[in-house]
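Asks: Let me begin by handing over the structure; questions about it come next.
The values are calculated or read from the model by the stated rules, or taken from the named source; none is laboratory data. Owing to the predicted nature of the structure, the values given are computational and were not obtained by experimental measurement. Neighbour counts run over all protein chains shown; Cβ positions are idealised from the backbone, glycine included. The accessibility values were calculated without ligands, DNA or RNA, using every heavy atom of the protein model including side chains. Shrake-Rupley method; radii C 1.70, N 1.55, O 1.52, S 1.80 Å.
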Amino acid sequence: MSKPENKITQSHLFKVIIFIVGIICVGTIGYSLTENYSLLDAFYMTIITITTVGFGEVKPLDDAGKIFTIFLLFSSFGFFAYSISVITSLVIDGKFAAYYRDLRIKKEIKKMKRHTIVVGYGRNGKQAIQELDLYHEPVVIIDSNVIVQETNTEHKKWIIGDATTDEILTEAGIKEAKAIINALPNDADNLYISISAKSLNPDIMIISRASSESAERKLRAVGVSHVIMPEKVGGIYMAGYVAQADLTEFMNHLRIDHSNPGILTEIDCHQINAKHHQTNVENLLSKEQNINVLGVKLNNNQFVIAPIRALAIGEIEKIFIMGTKKDIDELKIRLQ
């Protein structure tokens, strides 16, 4: 959402409205004083004068009324010339369209819940958005570069501004968001945004980029849930191709992708129907022949790989499974 464009458009519209109200007030008061018109007659006379519709006067004007009418006509002519130039400029520049588009986006964002805010539309931010799209996660993007928005046609929910300010975070729906991804290249900005986000929404999950271990420690200290160091992850990934190339390539294919039938995903046990909470993993998934259970996350945040089939669902926070998208979608429907 382009802040500079909004301010220019709002300023012009405000000036036009002020001119309209001002001329009507001056005309109404002027006719009341010069011709002793009632407020309704004075208002009516003002409207037919400034719009030049050609209707007759409420009553014949004396000299003072004629002089005032001439003054009002010249004033309104200047006003209409200014208004036409402003409106023409806004239409030609596309600022009206941008302004109303921004209003529409603002309304849509206010209705959003459990969405993810991505700060920064650089390489990391763009990649994160592409992955979130594959999971059909609603996203609001914050970036300070209006050119990025103008060249992007796929994502519509944009806020153009400085994410280090509470105003921009609030506009992006931080209080209703479930997560925020800080993908800016500057560690200090990511740290400041994380602090602001946590103060506005204490329950929000924060994932932040970091360029050093020192920055990682600071980010974790302020409550960041997950810290990603792109250089470190890239190094681990490249080393994996050397040591276990096929396994690394296999893991790379375990993603939710329409071109790949096999996916690795998680089931949130808190969203499973309560009637399943007393059963164990083996009984819960006994009908699912094409789904493999890889591990679980217990309610105490402990990760368990094996043995897991005897664990009660009530003890588990997340179940990590692998299978086809079709089978997993059917399983989630059955459990919910």
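Asks: Could you list all residues from the range 133-154 that are modelled with pLDDT under 75 and touching a strand residue (DSSP E or B) at 6+ places or on another chain (Cβ under 6 Å)?
Replies: Hits for the range 133-154 are Val146, Gln149.
Asks: Of Ala221, Ala177, which residue is open to solvent by less than 40 Å² (accessible area, probe 1.4 Å) and hydrophobic (A, V, I, L, M, F, W, C)?
Replies: Ala177
Asks: Out of Lys106, Lys95, Lys66, Lys113, I need the residue that is basic (Lys, Arg), loosely packed, with under 13 Cβ neighbours inside 10 Å and either out of contact with any Lys or Arg (no Cβ under 7 Å at 6 or more places or on another chain) or at pLDDT below 75 (or both). Which one?
Replies: Lys113
Asks: Let me ask something else about it. Check whether at least one residue in the range 199-216 is more than 25 Å from Val139 (Cα to Cα), part of a helix (DSSP H, G or I) and free of Cβ contacts under 8 Å to residues at least 24 places away in the same chain, and report yes or no.
Replies: The answer is yes, given that some residue of the range 199-216 is more than 25 Å from Val139 (Cα to Cα), part of a helix (DSSP H, G or I) and free of Cβ contacts under 8 Å to residues at least 24 places away in the same chain.
Asks: To continue, here is another question. Of all the residues that make up the range 175-202, how many are among the charged types (D, E, K, R) and in contact with a Leu (Cβ under 9 Å, 6 or more places away or on another chain)?
Replies: So the count comes out to 2.
Asks: Just checking, how many residues over the range 294-315 are open to solvent by less than 50 Å² (accessible area, probe 1.4 Å) and under 27 Å from Asn252 (Cβ atoms)?
Replies: 5
Asks: So is Gly234 under 30 Å from Gly323 (Cβ atoms) and either open to solvent by 90 Å² or more (accessible area, probe 1.4 Å) or not aliphatic (A, V, I, L, M) (or both) or not?
Replies: For Gly234, the condition - under 30 Å from Gly323 (Cβ atoms) and either open to solvent by 90 Å² or more (accessible area, probe 1.4 Å) or not aliphatic (A, V, I, L, M) (or both) - is met.
Asks: Within the range 280-293, is even one residue among the hydrophobic types (A, V, I, L, M, F, W, C), within 33 Å of the chain's Cα centre (by Cα) and surrounded by 13 or more Cβ atoms within 10 Å (Cβ to Cβ)?
Replies: no
Asks: What about Ala188, is it modelled with pLDDT of 80 or more, open to solvent by less than 60 Å² (accessible area, probe 1.4 Å), within 29 Å of the chain's Cα centre (by Cα) and under 29 Å from Gly122 (Cα atoms)?
Replies: When the stated conditions are applied, Ala188 does not pass them.
Asks: Let me ask something additional. Filter the range 269-279 for residues that are surrounded by 14 or more Cβ atoms within 10 Å (Cβ to Cβ) and not in a loop (DSSP other than H, G, I, E, B) and give the result.
Replies: Cys269, His276
Asks: Within the range 229-251, which residues are under 26 Å from the mean Cα position of the chain (by Cα) and free of Cβ contacts under 8 Å to residues at least 24 places away in the same chain?
Replies: Met229
Asks: While we're here: Regarding the range 50-62, can at least one residue be identified that is open to solvent by 70 Å² or more (accessible area, probe 1.4 Å), charged (D, E, K, R), under 30 Å from Gly173 (Cβ atoms) and at pLDDT below 80?
Replies: Checked the range 50-62: no residue is open to solvent by 70 Å² or more (accessible area, probe 1.4 Å), charged (D, E, K, R), under 30 Å from Gly173 (Cβ atoms) and at pLDDT below 80.
Asks: In the range 280-313, how many are under 18 Å from Asp327 (Cβ atoms), outside any strand (DSSP E or B) and not charged (D, E, K, R)?
Replies: 8
Asks: As an exercise: evaluate Asn182 against (1) surrounded by 15 or more Cβ atoms within 10 Å (Cβ to Cβ); (2) more than 15 Å from the chain's Cα centre (by Cα); (3) closer than 16 Å to Asp143 by Cα; (4) not aliphatic (A, V, I, L, M) and give the number of the one condition it does not meet.
Replies: Failed condition: (2).
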